[in-house]
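S.K.: Got a structure for you, questions after.
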Amino acid sequence: MTDRLSGLLRAAIVLVGATLAAIVGWLLFRTFSTTLADLVGILLVIVTIVAGIRIAGRIANAFVPNYDVAEVAVEGPISRDGDGPPIPGRGGGTPSDDIVEQIQAATDDSNTEALVLKLNTPGGEVLPSDDIRRAVMEFDGPTVAYATDVCASGGYWIASGCDELWAHDTSVVGSIGVIGSSVNAAGLADRLGVTYERFAAGKYKDAGNLLKEPTNDEREYLQGLIDDYYDHFVERVAEGREMDPQKIRDTEARVYLGAEAYDLELVDELGTRDDVESRVADLLGRDEIQVREFTPQRRLTTRLRGGAQRLAYAFGAGIASSFEPTDGFDFRF
């Protein structure tokens with residue numbers, strides 16, 4: 001069905017719905033009403049017509065959908081609850097479970113034939129990032145990710161699960177690495193007369209505790225955890241991007257502008273949002289596509305806070321959300 005014919009059918013359904021609503025409203029509130037003033041009756045007729053148009057519009061969209069491609073956005077730090085650590089000028093992001101829910105909704109929608117993933121994130125928590133990546137990989141159809149400002153760390157992890165990754169020539173891309181950090185306040189505690197007494201079962205239970213100097217064994221243990229995460233990160237990216245793992249390791253977790261990332265094969269193509277839509281149309285064998293944004297329902301306070309935080313943020317690529325700290329030690333992805 002062509003877009004022109006679909007539009008005509010939707011308009012016809014809405015017109016029929018509005019006409020029926022007008023007739024019903026007139027009969028109820030004007031013809032048979034003897035107790036209400038004429039003005040009130042007319043207002044009720046108008047309200048009924050508006051309600052009829054809205055209902056008819058929903059029916060029209062259900063029977064004659066006006067989209068064939070879903071778009072889901074991943075913006076801000078990636079975390080389970082959407083808060084994440086504060087990033088100057090940006091604040092928190094969308095809860096990962098909400099993003100997964102929207103991707104699954106697009107997957108279950110019979111009208112959706114392709115998925116576009118908009119990425120503007122410096123990364124974040126490991127498991128929430130992987131949840132989003134898995135949801136993308138379960139979509140039955142072409143999946144195309146495109147980076148706007150930043151696609152780094154966990155954002156790149158997610159992109160590696162898509163069929164293609166696009167970026168602007170000035171997008172910040174990369175940061176394929178893991179960081180662990182721990183505040184060491186043992187010296188300060190000594191000067192303040194604060195002592196640390198250990199009550200724990202297990203040699204490494206308090207490894208990374210900020211009030212004690214880590215031993216060489218603890219440093220080796222914690223670095224081993226980071227190395228394991230890094231190996232997993234490299235393997236998943238290499239698998240999804242069909243790249244040599246050593247080539248990924250050679251980046252040493254650097255970030256690159258889009259043009260250089262393209263030269264390094266970290267992105268498939270450079271272009272604008274319109275270029276991405278043209279590519280998706282080609283993948284579907286169409287001249288053009290209609291995109292619908294799948295967005296989670298948010299409370300008013302959340303929407304107001306998000307609007308105040310929607311300022312552009314630059315170079316957040318090296319900053320990432322963290323695991324829940326354990327005894328003062330913090331993993332970042």
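S.K.: Order of 219-230, 127-138 by packing, highest average Cβ count within 10 Å first?
M.R.: Numbers: 219-230: 14.1, 127-138: 20.1.
Packing order, densest peptide first, comes out as 127-138, 219-230.
S.K.: Okay, moving on. Quick one: Y262, Y67, fewest Cβ neighbours within 10 Å first, how do they rank? Before the final figure, lay out each step's value.
M.R.: Values: Y262 20, Y67 17.
Fewest to most other Cβ atoms nearby, the residues stand as Y67, Y262.
S.K.: Turning to a different aspect of this structure: Place the peptides 149-157, 107-115 in order of packing, highest mean first, counting for every residue the other Cβ atoms within 10 Å and averaging per peptide. Provide the component values of the computation, followed by the final result.
M.R.: Numbers: 149-157: 30.0, 107-115: 16.6.
For the peptides 149-157, 107-115, the packing ranking is 149-157, 107-115.
S.K.: Reachable lysines from K212, Cα under 19 Å, same-chain residues fewer than 8 places away excluded?
M.R.: K203
S.K.: If you add up the charges near R249, with Lys and Arg at +1 and Asp and Glu at -1, over every other residue whose beta carbon is less than 12 angstrom from its beta carbon, what do you get?
M.R.: Values: positive: K247, R254; negative: D227, D231, E235, D244, D250, E252.
Neighbour charge sum, excluding R249 itself: -4.
Computed from the coordinates by the stated procedures, all read-outs in this text should not be read as laboratory data. All values derive from a computational prediction rather than experimental measurement. For neighbour counting, all protein chains shown are included, and Cβ atoms are generated from backbone atoms with ideal geometry for every residue, glycine included.
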